[in-house]
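Heads up: the structure comes next, in C-alpha cells.
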Amino acid sequence: MRKVSLAVFVMLPLAGFVASSTDISANPAGIPSDRTLSTVSLNIAKETDPDKVVHALRNAPRLRDADLYLFQEVSHEQGKPSVAEQAARKLGYSASFAAAAPGVYDQGLAIVSRYPVTNVQIKCLKACDLRFRSRSRVAMSADVRTPWGGVRVWNVHLDTRINSQERLDQLQPVIDDAGNHPGPRVIGGDFNTNELYWLGNVLPLPFGPAHGAAIRSAMKQGGFETPFAKGAGTFKTFPRHLDWIFLSDLKSLASSVEPAPFSDHNAIWVQARL
C-alpha cells in the first residue's frame, strides 16, 4: 500500500484555533476481518515524550491492537506536531489534533486511527467560571473510514469543578451534533464525572448527586449506551470514574480498564461490532 501524507488545517469557531490532521496509510497487517472496531480513551496527562505513549500502548495487548484512540490533555509545541501526532507516526496510524485555545500547549485533543480520518470538526463547549484554572473546552469530531463503512467519532474533555447540570450543559452540544449524524457513532473522552457537589466551583462537598448517572441518562436519550454503566476506576489517585466511551448503532462485545503507567488515568477499552 502506497504511503500518503496529507496535512489538513481546519479553522475553529474562535480566531486562532487550528486543528491539524495528518493522514498516514493504514496498517494493512493489522486490519481485522471480523467487522470489529476497538476504541481506547485515555487522558495522556500532558506527556511530552511520544515514545512513552507508544511504549505503554505496545505493552498492553488490548491497547496495542486498538483501531482508534481518543486522547485528551495532549501536549504540543508551537509550530511542531503534537505528541499524539508523533505517536501516530510511530504506529503508522492517521491522526488529527486540536489545541484547546491559542497559547495553550498541554490541553489538546487528538483522534488517532488505524483507518483514515476525514471531515474533522471542532466545536467550542460552554465556558465555565472555575474561579481559578478555568479552561477552554472543545469537542473534536471526525469520520473514521473503516473497511466496513464510516463511523462518526467525538472526543471530549469536560471541566472538573462543575456540577451535574453544568456538565450536561457542556456536553449537550455534542449530543445534539451526534443527532445529526445517522449510522455508527462513538462518543468518548474524559468527562471528569464524580460524586461531589462543588460549592462555588471551588469547594468539594461529599455525597453529591452522581454525575455519571446524569450523563448516562442524557446519552441514552440521545441513543447512546455504554458498557461501563456499573462504573470503572479510571483515575489512579482516587477511585473515580472519569472516563467514558458511549456507542450508538454499534454492538458492544467486550470492555475493560487498562493501565497506562505514564498517566494519572487508566485507559478504557471497548470492542464493538459494526
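Within region 199-232, being among the small types (Gly, Ala, Ser) and either exposed (fewer than 13 other Cβ atoms within 10 Å of the Cβ) or under 19 Å from Ile175 (Cβ atoms) (or both) holds for Gly200, Ala210, Gly212, Ala213, Ala214, Ser217, Ala218, Gly222, Gly223, Ala229, Gly231. For Asn266, are the conditions met, namely being more than 27 Å from Cys124 (Cβ to Cβ) and surrounded by 15 or more Cβ atoms within 10 Å (Cβ to Cβ)? In short, yes.
Scanning region 35-85 for residues that are in a helix (DSSP H, G or I) and of a type in the set (Lys, Arg) turns up Lys52, Arg58, Arg62, Arg64. The set of residues in region 97-148 that are closer than 27 Å to Ser38 by Cβ, surrounded by fewer than 19 Cβ atoms within 10 Å (Cβ to Cβ) and among the aliphatic types (A, V, I, L, M) is empty. The residues in region 114-136 that are in contact with a helix residue (DSSP H, G or I) (Cβ under 8 Å, 6 or more places away or on another chain), closer than 30 Å to Leu196 by Cβ and part of a loop (DSSP other than H, G, I, E, B) can be counted, and the count is 3. Within the span defined as region 204-225, every residue fails to be touching a Leu at 6+ places or on another chain (Cβ under 8 Å), farther than 22 Å from Ala139 by Cβ and touching a residue at least 60 places away in the same chain (Cβ under 8 Å). Within region 230-249, does at least one residue satisfy the condition of being over 17 Å from Trp154 (Cα atoms), outside any strand (DSSP E or B) and in contact with a strand residue (DSSP E or B) (Cβ under 6 Å, 6 or more places away or on another chain)? There is at least one residue in region 230-249 that is over 17 Å from Trp154 (Cα atoms), outside any strand (DSSP E or B) and in contact with a strand residue (DSSP E or B) (Cβ under 6 Å, 6 or more places away or on another chain).
Scanning region 244-265 for residues that are under 14 Å from Leu70 (Cβ atoms) and either at pLDDT below 95 or in contact with a helix residue (DSSP H, G or I) (Cβ under 6 Å, 6 or more places away or on another chain) (or both) yields Phe246, Glu258, Ala260, His265. Of the strands (runs of 3 or more DSSP E) lying entirely inside region 137-223, those containing at least 1 residues that are within 19 Å of the chain's Cα centre (by Cα), closer than 21 Å to Lys236 by Cα and modelled with pLDDT of 95 or more are 149-157, 185-190.
The values are calculated or read from the model by the stated rules, or taken from the named source; none is laboratory data. From a predicted model like this one, the values you see are computed outputs, not experimental measurements. Glycine gets a Cβ as well: all are built from the backbone with ideal geometry, and neighbour counts include every protein chain shown.
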